[in-house]
Each structure stands twice: as structure tokens, then as C-alpha cells.
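Where a number appears in this text, it was derived from the coordinates with a stated rule and is not lab data. Everything quoted here is computed from the prediction, not taken from an experiment. In this analysis, Cβ positions are derived from the backbone assuming ideal geometry, glycine residues included, and neighbour counts consider all displayed protein chains.
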Amino acid sequence: MPDLSISEAIARSKAMIDSLTIHSEVNVPAEVTADENRFFTWDNEKRTPSRKPYLFDWSYYNGVVMEGLFDIYLSDPEKNRVYLDYVKDYFNGMITQDQNGRPVLDRNKAGYVDHHGADCYKTAGLLVRLSDMDPRYQKIAGDLYRDITDPGHVNSKGNIVAVEFTEDALGGNYWHSWANGTAPKYKVWLDGIYMIQPFLARFASRCGDEAQVEKILSRFRWVAGTMLAPTGLYYHAANSTEDYCDWHWLRAMGWYAMAMVDVMEALSPKDADHIAPALKLFADGMLRYQDESGMWANIADHPVTETNRLESSGTAMMVYTLLKAVRLGFLDDSYREPAVKAFTAMVSLKLKDNALTDIYLMASANGTNNYENPDWYLPNEGKGLGPFIMAYSEMLYL
């Protein structure tokens, strides 16, 4: 692998990111959200708009891309205003008014449903972060917060999510999916933690909901006590310490790592300290499996092969987690070097023809090895592109 300087890696990354977003002629937020037959090019799991299914434009694939762009803006607000404008154009395209003139998310247009599951709440976390810039965002985030936390709120399917789709036996965690009122084999998925908990932590911290903060900490305690293997790696999904998906899928662990650091950022230092030991334990465990190239394999504890490739989305998540944790003081400076090595390796090995390659499309938590399908390694897929932009934003602080 040729050596690549930090400045070269940042420059190449910026060119790719800008070409897909602020300089793109097709990924124009106002145009995409206005037309239900159009999708962002990074959405490789396109839904049928005529059926208004979940995750139409209100998609966590789009949410992580937009959050990454917002992070770029925050790294230098004066210089990077164009990224903020892009993100706001995306949200504004899905906001309308109710009969009383109050701002609401156009749920039909967005494709958001309140009865699907964890994935529908990722994008809401960015609304909270934007709330100081536009009170409409705070109002809509509050609506979504009520959907899943209010024990007296009945959703559009007649369910009370906070009561029916959380369980004390699961540490108070939400089922990953509740679309049909039944859970898959494993109810708690690592990616489900990321989709919901940073949103809840940010909103609860803003409104002083201490009861919700304690629930968030309880959920993380359950995951650390139930899904952590002796190696320091986490299982993708579980119902208990005896019933779990015995695979250490890189992106699932990456989602969880980002959840830890984002929630810690949102909480008070005292509350964040409850998660800090788990973050360090996980970081140390993952670094033991970092490939000599700097990246990580799709199944992190298995040898690198043509089907178990060095994978871009999970590696980007590790870069983001480690660099942000160092920047905020959650981890010491020794964790910066392996993160930078991973980022420059990604750019050198996986950024080809202005596209980030080897992003694994999807994997189910059913106890089988569905993590090595060579057809599922795609370029510029949103679940990898978004975290890559987030990782890039953290590199800018260097």
C-alpha cells in the first residue's frame, strides 16, 4: 500500500464528498424530496414510493450522510456554510404545516412511519442538533420523541411503543423492529442502539428529562453486560447472554461505537462517565483485530479473504469513534494514531475513481453467516458513505 499523507487523504476525500453532495447535479435535496420517484444515488435499498413504505426520504441512509455534512460544517462554520445549507434543504423539503399552522414532518412524503422500528429515528437526532437554528426542528423532534417515549401515546397502529416494544429483561431497550407487532429472533441489535439512543440522549438532555437519561444508561449497561464477548468485541444481536447472534460484524459494532461516543457527548460529564469504561474496553478490543493495513475486516475476528474483505463502512465508524473520543477527552491521545492510519488506508485502498468501494450492503441477524456475499460489496452506499463523511469531518480537526 503506498504511503498517503494526511493532507492528500483529506484532499481526495473532499473531492469525492463534494462531487456526491454540494456539487452534484442529481443529489439536490430540494429536488429529490419533492419527487417521490427520485432517490439519492447512495440509497441502494430504494423503496417503492407509491406504497409509501418506511424509510423513503426519511431514511437513516440519508440521515448519516446529512449528519456527516453537518459535522463538516461544525469543524469550521465560517468556511463550511454550504454544507449546512445542503442539510437544511434536505429537512425543509419534508416539512409542512398542520391545520393549525404548526410545523410538522410530512410523514407521507418523507416515508416515515411510527410503527416500524429503530431505523426510523436515526435522522431525528440531527434535527435536535439543528434546533437552535430553526425552532421548527425542535417542534418536529419533540413529536418524534413523544412517539417512542410517552407511555400514554398511542401510535398510528394502536400501539404504545414505550410500553409494548421495550422490555425490562432487555435493559429497557427497544426491539429493533416492531412493524408487525412481533420481533425477529433477536430483539436488540447493535445498530438499533445507534438509531435511537443518540436522538433520545440529545433531546432528553435539552429538555431535562432525567428519567429518560437513566433509561439510556440502563440500556447501555444491558448491552455491555449481555452482548460483549471475552475478546472485547460485541455480538451483532441478542436476547440474553444465552441467546445471541454469534458474529462480530464490523458495521454493527461500528454503529454501537458511534452510539457510545455520541451519547457521551450529549450527556453531562457525570452521566457520560458511566459509559466511558465500556468505550475504552471496546476500543482496546477492536485495536487487537486491526489489520496491518490499518482497516478492519467485515467479520472483524476472521482472516481477510476475498469474501471477508477489508470493509469501508465499519472502518470509517471506527475512525470517527476513536478520533471524536480523543478530541472530546473520552480516550487518551494514543488512540489517535491507529485511527489516522485507518483513514489513510481507506482512502488509499478503497477510494477508487471518486467512489468509496467495498461497503457491505446489508446483513441480517439470524445466526447464520450472511456477512461474506461478494455481491454485497458496493461503492458509495449510504450506510458507508455517511460514516466516511463523519470520519472525514473528524480528520479536519487534526
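Eigen-decomposition of the gyration tensor built on the alpha-carbon atoms of region 183-341 gives equivalent ellipsoid semi-axes of 25, 20, 12 angstrom, largest listed first. Within the shell of other residues whose beta carbon sits under 13 angstrom from the beta carbon of residue 61, the net charge comes to -2, with Lys and Arg scored +1 and Asp and Glu -1.
Counted residue by residue at 0.36 nm each, then reduced by the alpha carbon distance between them, the extension gain from residue 168 to residue 207 reaches 11.6 nm.
The residue among 295, 110, 371 whose Cα reaches farthest toward the positive pole of the charge dipole of region 6-396, with charges on the beta-carbon of Lys, Arg, Asp and Glu, is 110. Each Lys and Arg Cβ is given +1 and each Asp and Glu Cβ -1; about its Cα centre, region 67-189 then shows a dipole of about 220 debye.
In region 1-102, a dipole from Cβ-located charges (positive for Lys and Arg, negative for Asp and Glu) runs towards its positive end, and of 17, 58, 99 it is 99 whose Cα lies farthest in that direction.
In terms of distances greater than 24 angstrom between alpha carbons, the cross-link table entries 122/185; 79/352; 157/187; 88/383; 46/122 yield 79/352. Cα-based radius of gyration for the chain, normalised by 2.2 N^0.38 Å, reads 0.92. About its Cα centre, the dipole of region 129-202 is roughly 140 debye, where the only charges are +1 on Lys and Arg Cβ and -1 on Asp and Glu Cβ. Applying both filters, DSSP loop and at most 12 other Cβ atoms within 10 Å, to the trypsin sites (Lys or Arg not before Pro) of region 197-289 gives 288.
Could you give the size of the charge dipole of the chain about its Cα centre, using +1 on the Cβ of each K and R and -1 on the Cβ of each D and E, expressed in debye and rounded to the nearest 20?
Dipole of the chain, to the nearest 20 debye: 520 debye.
All other residues whose Cβ lies under 14 angstrom from that of residue 85 are scored, Lys and Arg at +1 and Asp and Glu at -1, for a net of -1.
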